[in-house]
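The numbers here are math on the coordinates, done by the rules we state, and not lab data. Since this is a predicted model, take the numbers as computed values, not measurements. Backbone-built Cβ (ideal geometry, glycine too); neighbour counts: all protein chains shown.
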Amino acid sequence: MRRIFLVLSVFLLLFFSFNHAYSEELEIKGLVINQTKAKIGRDFFKIFFQELGEHDKHNITIKELITSRTSSWLEVYVDLEKVYRQAIRPQNIDQHVFESVRRVKQYIAYTKINGGLKEGDLIGNGIY
């Protein structure tokens, strides 16, 4: 009985330690996540996804907050950073999609530039 308990406890210890280590290293990049609820949000997401094209392995999330029958607040996040938030009506979805895509691409370019400055000797020595 002790042997079964010992084997079972070792197995559980190894299983949970491996599972924990594996979950910390696993990260999926390049997703466009749709968290919309109404037709306005679904239409926005459909056009946004078509206009976006390649997005350089960043996770992009579109969230919708419903305010009334004819409008919604839409938020666009890139890697958990909010880059766009606007109240949208069905009449002007295209205009807001183009603006949000422009801001997403701007943010991705900004992170590329700043990511390169944090490498090696470009950090600085603290004097300047």
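In straight-distance terms, cross-link reach from Lys37 covers every one of the lysines whose alpha-carbon lies under 30 Å from its own, apart from those fewer than eight places away in the same chain; here that gives Lys29, Lys46, Lys57, Lys63, Lys82, Lys105. Projected label points at Glu27 and Ala87, each 7 Å from Cα along the beta carbon direction, are separated by 3.7 nanometres. Electrostatic bookkeeping for His55 treats Lys and Arg as +1 and Asp and Glu as -1; over the other residues with beta carbon under 15 Å from its beta carbon, the sum is +1. Counting Lys and Arg as +1 and Asp and Glu as -1 over every other residue whose Cβ lies under 10 Å from the Cβ of Lys37, the net charge comes to +2. The modelled label-to-label distance between Ala38 and Glu75, using points 7 Å beyond Cα along the C-beta direction, is 1.7 nm. Shape descriptor for the range 32-117: Rg over Rh equals 0.99 (Cα atoms; Rh from the Kirkwood inverse mean 1/r).
Among residues other than Lys105 whose Cβ falls under 15 Å from its Cβ, what is the net charge (Lys/Arg +1, Asp/Glu -1)? Its environment carries a net charge of -2.
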